[in-house]
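Right, one structure below, let's go through it.
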Amino acid sequence: IMQLVDVWGWTCAVVGSFISLPQVLRLLRAHTSAGISLLMWQLSCAASVAWVFHGLRGDWWNITIPNALIAVTGVLIMNMVISDRHLDPVRTWGLVAAVAAALVAVEYLTTPALFGAAVLIPLAIGMLGQTRDLLRAPNLGGVSGVYLGLVALIQYMWLSWGIAVGDVSIVICATVLGVISGFNLVWFVLRDRGRVAARPRLATAGVA
């Protein structure tokens, strides 16, 4: 049974390693970052760095390797967004560095359960930032539907692995993020097929 769990863990790692590639390709083809949440990528990149350290501490290379690759592709995507929107790189990367440092400190100074709760906060905020843009942005030309689908898929893959190996941090994060990413995928499909329209009025109704 443990051999099957190990195989499944590495399957999650392989899928997770290339999860951001469709979004990179979409940006390169579309030449626009319209609809992409910069906040999501800032927090995702910071969380990926923290997960690298979590994987190293637990000697779980199937966590360390994909998150290192996700961090690299996250850097590429953020650089493209920064260039497209003419943003200040120092301010943009400052948030990434601060959140990553805080999460790594929690990993080394507290328990796995507390780390799972701590790393969930920026990831959930980031995904909800993408939810906001999916709801409000008039143009989703820069968003990759394949990427959103993979994000939802990998959460449930990691959830099953986390349950099997007893990693509380993985279980906590994957459960909550699975719900949010599932909604994002469904809403994107509805927007893409013209079933629903952008709702910019939500911006004045207190939706963050």
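The values are calculated or read from the model by the stated rules, or taken from the named source; none is laboratory data. This one's a predicted model, so the numbers in the text were calculated from it and none came from an experiment. Don't worry about glycine lacking a Cβ; one is built from the backbone with ideal geometry, like all the others, and counts go over all protein chains shown. Heads up: the accessible areas ignore ligands, DNA and RNA and are worked out on the full protein's heavy atoms, side chains in. Shrake-Rupley method; radii C 1.70, N 1.55, O 1.52, S 1.80 Å.
Could you grab me the full set of residues in the range 51-69 that are within 24 Å of Pro89 (Cα to Cα) and touching a Phe, Trp or Tyr at 6+ places or on another chain (Cβ under 8 Å)?
Those that are within 24 Å of Pro89 (Cα to Cα) and touching a Phe, Trp or Tyr at 6+ places or on another chain (Cβ under 8 Å): Asn67, Leu69.
Considering Val189, Val176, which residue is exposed (fewer than 15 other Cβ atoms within 10 Å of the Cβ), within 20 Å of Ile19 (Cβ to Cβ) and of a type in the set (A, V, I, L, M)?
Every option except Val189 fails the conditions.
Listed residues Ala117, Ala68; which is open to solvent by less than 60 Å² (accessible area, probe 1.4 Å), closer than 26 Å to Val186 by Cα and small (Gly, Ala, Ser)?
Ala117
If I filter the range 85-108 for residues that are without any contact (Cβ under 8 Å) to a residue 40 or more places away in the chain, among the polar types (S, T, N, Q), surrounded by fewer than 19 Cβ atoms within 10 Å (Cβ to Cβ) and over 27 Å from Val186 (Cβ atoms), do I get at least one hit?
No, that holds for no residue.
Name the single residue that is nearest to the chain's Cα centre (by Cα) among those in the range 148-159 being open to solvent by less than 20 Å² (accessible area, probe 1.4 Å) and in contact (Cβ under 8 Å) with a residue 40 or more places away in the chain.
Here the residue is Val151.
For the range 1-51: of the residues being open to solvent by 30 Å² or more (accessible area, probe 1.4 Å) and of a type in the set (Val, Ile, Thr), which is modelled with the lowest pLDDT?
Among them, the one singled out is Ile1.
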